[in-house]
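Structure first, then comments.
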């Protein structure tokens, strides 16, 4: 487990990265009451939040943005495995620090994250959603920062501002959305089904049948909630898994292409190049 923390004003930006050879459970707590937003990169780890006799479990975390309030009684557990490495970015501040924010930022937190600013339990979940592509790209960049020292600090400061702009903008969009919560749950189920069946995904009509929506609503609302069409999302997940597999050096590029559902290595290489900006063969040079 690699943890890297940078302090910017009253906030802590914490990155957590774990690549393991066998399954582990990593636990952590906060030393004082905090408000936080967690952004998950690739890996799809399981998260369990425990407080007293209560617990909440989160699966299919890849691309998840989750806000919460937590005090010292709350324990966070990530289940990390070779197939599901951890890539987690947290923006954290002590609850009392929110009083010191500039007026505009303070109003934004109070309006958008009111239940966290005024908590009613040891752990309170705030808004959560799956990030659209622009946000996901910003999050992924935090795990590949080539800088150190003051340059790294400047990178984090500029990028966290951009990420928060996306985050609060997405919250505003979600609040004006007409998609009811029970349909959002079905769309999240569709996302999970695709993530678990990258090599042989169901057809659009079969996926719609499995989640209990018609194909029109599935196509229209999936793009509204997640920012991309159904099979564009599938392609992104395939390429992210391929990136991790190639980086691990366990399979050849041809084997990786097959593993994520590409019959043609040239098609795979071209799609990989379009997403990451370099060929699969360049990754481990």
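An ellipsoid equivalent to the chain, defined through the eigenvalues of its Cα gyration tensor, has semi-axes of 31, 24, 18 Å when rounded to whole angstrom and sorted largest first.
Each label was represented as a point 7 Å from its Cα along the Cα-to-Cβ direction; for residue 214 and residue 46 these points are 3.7 nm apart. Could you tell me how many degrees, from 0 to 90 and to the nearest 10, lie between the Cα long axis of helix 215-226 and the main elongation axis, the longest principal axis, of the Cα atoms of the chain? So the inclination is approximately 50 degrees. Axis angle, to the nearest 10 degrees, between helix 265-276 and the longest C-alpha principal axis of the chain: 20 degrees. If you fit an axis through the alpha-carbon atoms of helix 149-176 and take the longest principal axis of the Cα set of the chain, what angle between them do you get, 0 to 90°, nearest 10? The angle comes out near 90 degrees. Each listed q (0.16, 0.19, 0.25 Å⁻¹) maps to a log10 I(q)/I(0) for the stretch 181-282, found by the Debye formula over equal Cα scatterers with no solvent: -0.70, -0.88, -1.23. Do you know the relative contact order of the chain, to the nearest whole percent, from alpha carbon pairs under 8 angstrom that are 6+ apart? Rounded, it is 15 percent for the chain.
Report summary: the helix-based calculation at 222 nm, which adds -39500 (n - 2.57) for every DSSP H run with n ≥ 4 and divides by the residues of the chain, gives -14000 deg cm²/dmol.
Short-range pairs are left out: with C-alpha atoms under 8 Å and at least six residues apart, the relative contact order of the stretch 181-282 is 22 percent. Taking other C-beta atoms within 10 angstrom as a stand-in for reagent exposure, 246, 193 fall in the order 193, 246, fewest first. Each residue of the stretch 20-67 gets 104 Å³ once the volume of the Cα convex hull is shared out per residue. Of 276, 222, the sequence from fewest to most neighbouring Cβ atoms within 10 angstrom is 276, 222.
Each value in this text was obtained by applying a stated rule to the coordinates, not by laboratory testing. Every value quoted in this text rests on a predicted model; they were computed, and no experiment measured them. Here Cβ is always computed from backbone atoms with ideal geometry, including for glycine, and neighbour counts include all displayed protein chains.
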